[in-house]
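I have placed the structure first, in the form of structure tokens, so that the comments after it can refer back to it.
What follows draws every value from the coordinates through simple rules; no lab data is involved. For clarity, every value in this text was computed on a predicted model and none was experimentally measured. Counting neighbours? That spans all protein chains shown, and the Cβs are built from the backbone with ideal geometry, glycine included.
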Amino acid sequence: MGIGQSQIISCCVTSLETDEGMTAMANASKKHNPRRDRVAMVMMDKDMLERTVFGRAFPNATMHLNLFHVLRTFRRQKMCEKFGIMSGERDLA
């Protein structure tokens, strides 16, 4: 159980949302964190590849979804339902 203390060890942004790109990010996070075995939580968006890669890199950590991304996805899906448009059509606008 935590005592309300946390420390950000890494923040990553990539233009390569591939297994190689995500693995490079995870490895960089591990390389620069000597206490990587104590990472308890990883926060991310809903990308399954990201969850898989960081889950492999930090097997003792729990994966948490970023609330901003969850709510944005929910709003987008509700708007598509409300106006009867397909997600591909929405992305073209």
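Some observations on this one:
- Estimated 222 nm signal from helices in the chain, with DSSP H stretches of n ≥ 4 weighted -39500 (n - 2.57), rounded to 500: -15000 deg cm²/dmol
- Full extension of the chain between His69 and Asp37 gives 8.8 nm of extra length, using 0.36 nm per residue less the Cα-Cα distance.
- Protection proxy ranking of 52-59, 11-18, 67-74, 29-36 - average other beta-carbon atoms within 10 Å, highest first: 52-59, 29-36, 67-74, 11-18
- Furthest towards positive pole of dipole, Gly84, Ala40, Ala57, structure part the chain, Cβ charges: Ala40
- Gain upon complete extension [Lys78, Ala24; 0.36 nm per residue less C-alpha separation]: 16.0 nm
- Whole-Hz ³J(HN,Hα) from phi, Karplus 6.51 cos²θ - 1.76 cosθ + 1.60, for segment 30-42, glycine and proline x: 5, 4, 8, 10, x, 10, 4, 6, 9, 5, 9, 8, 10
- Proximal lysine pairs, the chain, alpha carbons under 27 Å, eight or more residues apart or interchain: 4
- In this Cβ point-charge picture (+1 for Lys and Arg, -1 for Asp and Glu), the chain has a dipole of about 360 debye about its Cα centre.
- Kirkwood-based shape ratio for the chain, expressed as Rg/Rh from alpha carbons: 1.07
- Each residue of segment 67-80 is assigned a 3J(HN,Hα), and the resulting list reads 4, 4, 5, 4, 5, 5, 5, 4, 4, 4, 5, 5, 5, 4 Hz, derived from the Karplus form 6.51 cos²θ - 1.76 cosθ + 1.60 (θ = phi - 60°), x at Gly and Pro.
- Environment charge of Arg51, counting only residues whose C-beta is closer than 14 Å and scoring Lys/Arg +1, Asp/Glu -1: -3
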